Amino acid sequence: MSIPVFSAHHVYAAVDPADAVEAVRTAFVAHARGEWLMPSKVYVPAPPDGDFRAMPARGGGYAVLKWVTSFPGNPERGLPTVGGIVLLSDAADGRLLAQLDAGALTALRTGAAAVVAAETLGAGDGPAAVIGCGVNGRAVARTFLARGREVVLWDADTERARHLSQELGGPGLVPREEAFGADVVATVTPGREVLFPAGSLRAGQHVCLMGADGPGKAEIAVEELLRARVVVDEWEQASHNGDVSRAVETGALGRDDVSELGRILLGEETGRAAPDEITVFDSTGLAVQDLAVAAAVYERWREDPDAAAFAGVVTVSLEG
């Protein structure tokens with residue numbers, strides 16, 4: 001028995017940002033309905049600044065396991081921040097079906113999750129500001145652009161923002177104040193710095209917090225979080241990791257104070273209630289999102305393994 005091995009190039013070629021949005025939206029809804037199973041991710045710290053993560057899920061006839069790393073200091077070493085593999089299996093009989101690059105899959109589903117949240121919760125129609133222009137920031141910007149929304153960029157590293165602007169065909173580079181004051185803001189940072197101190201958000205803004213996805217990370221002050229309608233990707237995971245977990249630890253937020261994005265999409269919980277309300281989406285990254293995108297890549301390959309998107313795909317024998 002042999003399985004295909006999909007590199008980052010194949011993942012990006014097989015599923016475009018618009019397709020990823022629909023796959024991730026489906027994952028949010030299926031998980032909220034209880035149709036897709038997902039234990040919380042497991043973190044293995046690697047001091048001083050890295051970690052390993054194991055993320056399993058099952059749904060739609062498949063099971064997935066993502067073994068992924070996050071080492072924010074890696075670019076200084078000439079290495080990617082995120083790496084790892086995703087294993088896709090048949091949920092009916094356990095057969096391994098494919099191996100996929102975890103970095104590309106993570107980027108695609110991160111961009112898709114930010115856009116699904118912004119389209120569900122955002123009130124204004126101005127440009128979406130992407131804060132942080134690394135691999136995942138690039139994916140968020142690409143996905144907003146694919147959905148027809150204007151994008152502006154800001155990064156503490158001006159050269160990195162300029163490079164991304166050129167790569168994507170010209171999203172504007174704006175000063176920090178303008179970026180942080182946009183109708184929709186997506187922060188895609190390592191989560192080492194509080195970007196939104198108390199009193200910094202204005203009425204009507206929507207913020208996607210995509211960077212503080214693990215223990216000890218933060219992109220927003222707890223006091224500022226409490227001024228907003230808070231939406232998470234999944235309560236169980238978010239209440240133990242990232243920005244919402246810090247408010248939960250102090251007793252300032254409980255389950256009844258927070259909505260899940262999937263349940264908002266189903267109409268079971270409340271999203272934005274008024275145009276001037278501040279909304280915040282705290283993303284910790286769900287394995288069901290990875291499952292949805294991995295399944296989309298594999299199904300495209302099954303439909304047409306000779307498609308240009310899969311040129312150079314190798315297969316690996318599992319025997320012997």
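Please treat every number below as a calculation from the coordinates, not as lab data. The structure presented is a predicted model; accordingly, all values stated were derived computationally and were not measured. Neighbour counts run over all protein chains shown; Cβ positions are idealised from the backbone, glycine included.
What do you get for the angle between helix 158-167 and the principal long axis of the chain? Use alpha-carbon atoms, 0 to 90 degrees, nearest ten.
For 158-167 against the chain, the angle is about 50 degrees.
222 nm [θ] for the chain, helices only, -39500 (n - 2.57) per DSSP H run of 4+, per residue, to 500?
That comes out to -9500 deg cm²/dmol.
Report, in degrees rounded to the nearest 10, the 0 to 90 angle that the Cα long axis of helix 135-146 makes with the longest principal axis of the chain.
Between the helix axis and the principal axis of the chain, the angle is about 80 degrees.
Gain in length, ARG95 to GLU299, computed as 0.36 nm per residue apart minus the alpha-carbon separation, to one decimal in nm?
71.9 nm
Have a look at VAL231, VAL82, VAL24 and tell me which one the Gaussian network model of the chain (Cα, springs below 10 Å) gives the largest fluctuation.
VAL82
For the pair LEU79/ALA198, report the inter-label distance in nm, with labels modelled 7 Å from Cα in the Cβ direction.
A separation of 4.0 nm, rounded to one decimal place.
Taking loop as defined by DSSP and a crowding limit of 14 other beta carbons within 10 Å, which GluC sites (Glu not before Pro) in the range 217-313 fit?
On the way: sites: GLU219, GLU223, GLU224, GLU234, GLU236, GLU249, GLU260, GLU268, GLU269, GLU277, GLU299, GLU303; in loops: GLU219, GLU234, GLU268, GLU269, GLU277.
When the GluC sites (Glu not before Pro) of the range 217-313 are filtered for loop state and at most 14 Cβ neighbours within 10 Å, GLU268 remain.
Could you calculate the FRET efficiency of LEU318 with ASP49 from 1/(1 + (r/R0)^6), where r is the beta carbon distance between them and R0 is 45 Å, rounded to 0.05?
With a Förster radius of 45 Å, E is 0.80.
Based only on Cα atoms, what Rg/Rh ratio does the chain have, Rh being taken as Kirkwood's radius?
0.95
Using the 10 angstrom Cβ neighbour count as an exposure proxy, how do MET55, MET210 rank, fewest first?
In order of increasing Cβ crowding within 10 Å: MET55, MET210.
What angle, in degrees between 0 and 90 and rounded to the nearest 10, separates the Cα long axis of helix 102-121 from the longest principal axis of the Cα atoms of the chain?
Taking Cα atoms only, the helix is inclined about 40 degrees.
Relative contact order (percent) for the chain, with alpha-carbon contacts under 8 angstrom and 6 or more residues of separation?
RCO, the chain: 23 percent.
How big is the range 113-282 along each principal axis, measuring the range of its Cα positions in Å and listing the largest first?
Ordered largest first, the range 113-282 gives principal extents of 44, 32, 26 Å.
When the chain is treated as a GNM, springs tying every alpha-carbon pair under 10 Å, which of ALA156, ALA228, ALA63 comes out with the largest mean-square fluctuation?
Among ALA156, ALA228, ALA63, the largest GNM mean-square fluctuation belongs to ALA156.
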